[in-house]
Amino acid sequence: REYLILVPGNYGMDFLEGTRAELLTESVKCSNFLGEALDAALEQGAKGVLLMGHMGKFVKLAAGIMNTHSRNADGRMEILTAHACLCGADKDTLRELMEAVTTEDALEILERVGILTSVMERLMERMEFYVNHRCYGKLETGVITFSSGRGMLGKTSRVDRLLEKLEEQKRRCEGQS
């Protein structure tokens with residue numbers, strides 16, 4: 001396959017099945033090893049990779065963390081809080097974000113204070129930057145992140161193009177069998 005969907009695990013697979021079930025055959029589970037999976041895709045000659053995962057893991061991509069296991073780096077609230085600060089959150093909101101236990105809790109806080117959309121836009125820009133940086137710009141990349149309670153939260157600039165390429169690839173592969 002020239003184009004792949006990388007998902008860390010079951011949440012990503014469930015989201016994919018619920019939104020684009022026809023593309024399940026184009027997906028690969030990569031666990032927490034997003035960086036290594038991107039490296040492997042590049043080494044194997046892939047042209048494009050779409051990463052699809054839960055906010056609890058993918059928020060780490062916005063800080064360049066490519067191994068998303070909490071044992072390696074669990075800066076979820078720090079990353080969310082930093083971006084909320086840049087989007088104008090007040091001191092009490094920032095404190096509340098740092099004390100949140102889950103990203104779902106943090107999303108509720110961001111929505112309540114009216115900056116969820118702007119924080120997600122910033123996060124998606126940073127995710128795109130770091131994923132492209134990891135691939136040296138040699139892969140067409142996209143990122144979709146979602147939450148269990150809210151569905152899709154954001155996507156990067158090339159997601160729609162990658163979805164088209166994945167659908168074309170699937171049609172070609174089905175036509176060959």
Item to check | Any chance L34 is closer than 19 Å to F146 by Cα and not small (G, A, S) | outcome: yes
Next on the checklist: Contact list please: Cβ distance under 9 Å, first residue in the range 51-69 and farther than 11 Å from P8 by Cβ, second residue at pLDDT below 95 and among the aliphatic types (A, V, I, L, M), pairs at least six apart or on different chains.
Outcome noted: A63/A73; I65/A73
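Conditions tested, residue by residue: (1) open to solvent by less than 80 Å² (accessible area, probe 1.4 Å); (2) in a loop (DSSP other than H, G, I, E, B); (3) not aromatic (F, W, Y).
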site	(1), (2), (3)
G114	yes, yes, yes
T117	no, no, yes
E128	yes, no, yes
G142	yes, no, yes
F146	yes, no, no
Next on the checklist: Condition first: small (G, A, S) and open to solvent by less than 30 Å² (accessible area, probe 1.4 Å). Now tell me which residues in the range 148-168 satisfy that.
Outcome noted: G151, G154
Checklist entry - So which residues in the range 33-56 are surrounded by 21 or more Cβ atoms within 10 Å (Cβ to Cβ), closer than 19 Å to C135 by Cα and within 14 Å of the chain's Cα centre (by Cα)? => result L34, A37, L38, V49, L50, L51, M52, G53
Item to check | Residue that is farthest from A62 (Cα to Cα), among those in the range 126-156 that are among the β-branched types (V, I, T) and touching a residue at least 60 places away in the same chain (Cβ under 8 Å) | outcome: T141
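Results for (1) over 14 Å from the mean Cα position of the chain (by Cα); (2) buried (at least 20 other Cβ atoms within 10 Å of the Cβ); (3) not in a loop (DSSP other than H, G, I, E, B), shown as yes or no for each residue.
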position	(1), (2), (3)
A73	yes, no, no
L97	yes, yes, yes
V101	yes, no, no
E104	yes, no, yes
G137	yes, no, no
Next on the checklist: When you scan the range 98-109, do you find a residue that is closer than 22 Å to V28 by Cβ, without any contact (Cβ under 8 Å) to a residue 24 or more places away in the chain and in contact with a Ser or Thr (Cβ under 8 Å, 6 or more places away or on another chain), even just one?
Outcome noted: no
Checklist outcome for this item: By residue number, the members of the range 148-165 that are in a loop (DSSP other than H, G, I, E, B) and either within 17 Å of L6 (Cβ to Cβ) or polar (S, T, N, Q) (or both) are S148, T156, S157, R158
Next on the checklist: Could you check the range 20-32 and list, in sequence order, the residues that are open to solvent by 70 Å² or more (accessible area, probe 1.4 Å) and in contact (Cβ under 8 Å) with a residue 60 or more places away in the chain?
Outcome noted: E22, T25
Checklist entry - N10 versus (1) modelled with pLDDT under 95; (2) farther than 18 Å from T141 by Cβ; (3) crowded, with 19+ Cβ neighbours inside 10 Å: which is the lone unmet condition? => result (3)
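The values are calculated or read from the model by the stated rules, or taken from the named source; none is laboratory data. Just so you know, these numbers come straight off a predicted model, no measurement behind them. Cβ: placed from backbone, ideal geometry, glycine included. Neighbour counts: every protein chain shown. Calculation scope for accessible area: heavy atoms of the full protein, side chains included, ligands and nucleic acids excluded. Shrake-Rupley method; radii C 1.70, N 1.55, O 1.52, S 1.80 Å.
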